[in-house]
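Worksheet: one structure, shown below.
Read the figures in this text as sums done on the coordinates, not as results from a lab. Since the model is a prediction, treat every value here as computed from it, not as a measurement. Cβ sites come from the backbone with ideal geometry, for glycine too, and all protein chains shown count toward neighbours.
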Amino acid sequence: MQEQNYTALKMFQMSDEFFRSLNLTAMPEKFWKNSIIEKPNDREIVCHASAWDFYDGEDFRIKQCTTIDYEYFQTTHHEMGHIQYFLQYRDQPVIFRDGANPGFHEAVGDTIALSVSSPKHLRRVGLVSGDAEDEQTEINQLYKMGIDKIVFLPFAYTLDLFRYGVFRGETQPEDYNCHYWRLREALQGVEPPVNRTEEDFDAAAKYHVSADVEYARYYVSFIIQFQFHRALCQLAGEYVPEDLTKKLVDCDIYQSVAAGNALANMLKMGSSRPWPDAMEALTGQRAMRADGLLEYFRPLHDWLRAENQRTGEYIGWESSKIQYCTGEQRAALEADARDS
Ligand SMILES: [Zn+2]
C-alpha cells in the first residue's frame, strides 16, 4: 500500500466506491467535509476510531487517525459500515435509528471487509499479484483470517465475562487482576508475560473497558458477519454450497446489486423490528448461527485436524510458572468452584 502511494483519503474513497458498487448510498458531501481521517498535529484527540450519527439526516462523520497499512484498511471499512447503516435508516423515527442489535451495527463494515480481503478482490485492486489460488495460498489466507476472526472470539467473551463478574458483585476490586487473568488463561490460553499483582489493572488497558463500552456486541458481530457474508455471496452468485470453484473464502460481492439491495433492505429497518426479523430479511434464518463461520473456515479446520494428527501436536495448554493470583486468592477461587 505504501509503495502504491496509498493515502488515508484513497482508503476512504475505495471503501465508499465498494459500497456504491453494491447500489448502496454514497457518502454525502458533509461526511467528506467534516470527518477527521488523519491524526491532527495541532492538538490532542482520542484516536480510537469511531463513527457518529448527528441525527439530523445529513451530518455523519468518522474520526480516525489512519495509518497506511492493511489493518487500517479493514478499520476504514468497519467504520464506513456504521455510516452506511446510519444512512440507510435515516428516514426512521429517531427512536429506531439504531442497529437491529448492537452486534448488527458492528457487523456491517466487517461483512464488506470479508469481500475486500478475499484474494480475488485484493488481486482486482492490485494489492496482491499472481494467478488464481492454489491450495497452500488458500490455507495461508484462511490462517491469516483465523488469527483475526477465530482468536478474537474467546477474547471478546472473556472481556465481558470479567465485567459481568464485577457488575454482579462476584468479583471484588481487590481481585480484579487475578480474576481477569484467570479467565484469560482458562478460555483464551494466554498468560501475562511477567508476574502480575493487584497493583496492576490490566483489563483497563483495553479501550472499551476504560471507555465503558459493552463488548458482547463484537462477539455477536464476529459470528453474524459470516452469516451475512454467506447470504450475500449466494445472492451475488459467488458462493454455491458444495461447488469447490465457488467457495466462501474467495467470494467477493463487489458490484453485486442483488447483494447490495438485500443488505439495504435489512439496514433500512434500523431497530424498528426485533433483530430476528432483520436477520431473517437478509439470511432467511431467525437465529444467530455459527454455520456461516464454520463453512468459511472449513478448509482450514480440515487441514488443522490432519496436520495436528500428523505432527502429534498437543491440543490445549498448561500453566507455566507465571503468577497473577496470590495463594490466598487461588484458595478462594478453588473453594468457590467447589461450592458451585
Ligand atoms: Zn464499530
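A few remarks follow.
- Euclidean distance of C-alpha centroids, the stretch 145-213 and the stretch 43-112, integer Å: 26 Å
- Of all the options TYR89, TYR218, TYR176, the one that moves most in a Gaussian network model of the chain with Cα springs shorter than 10 angstrom is TYR176.
- In a DSSP loop and with at most 11 other Cβ atoms within 10 Å, the trypsin sites (Lys or Arg not before Pro) in the stretch 1-44 are ARG43.
- Across all Cα pairs in the stretch 236-312, the calculated P(r) in 10 Å bins from zero up to the longest distance comes to 16, 34, 31, 13, 5, 0 percent per bin.
- Computed [θ] at 222 nm, helices only, for the chain once each DSSP H run of length n ≥ 4 contributes -39500 (n - 2.57): -17000 deg cm²/dmol
- Nearest-20 debye value, the chain charge dipole, Cβ charges on Lys, Arg, Asp, Glu: 700 debye
- Leading residue at positive end of dipole, the chain (Cβ point charges), from CYS178, ALA278, ILE147: ALA278
- Candidates ASP59, ASP302, ASP160, ranked by Gaussian network fluctuation over the chain, Cα under 10 Å, top entry: ASP302
- Once the gyration tensor of the Cα atoms in the chain is diagonalised, the equivalent ellipsoid follows with semi-axes of 35, 27, 21 Å, ordered largest first.
- Average Cα contact separation per residue, the stretch 1-88, under 8 Å, 6 or more apart, as relative contact order %: 34 percent
- Among the listed pairs LYS30/LYS120; LYS30/LYS268; LYS149/LYS206, those with a Cα-Cα distance over 24 Å are LYS30/LYS120.
- Shape call, the stretch 72-179: gyration tensor on alpha carbons, a/c limit 1.5: oblate
- Sparsely packed loop sites in the stretch 1-62 (the chymotrypsin sites (Phe, Trp or Tyr not before Pro) outside DSSP H, G, I, E and B with at most 13 other Cβ atoms within 10 Å) comprise PHE54, TYR55.
- Loop sites in the stretch 302-340: chymotrypsin sites (Phe, Trp or Tyr not before Pro), DSSP, at most 13 other Cβ within 10 Å: TYR314, TRP317
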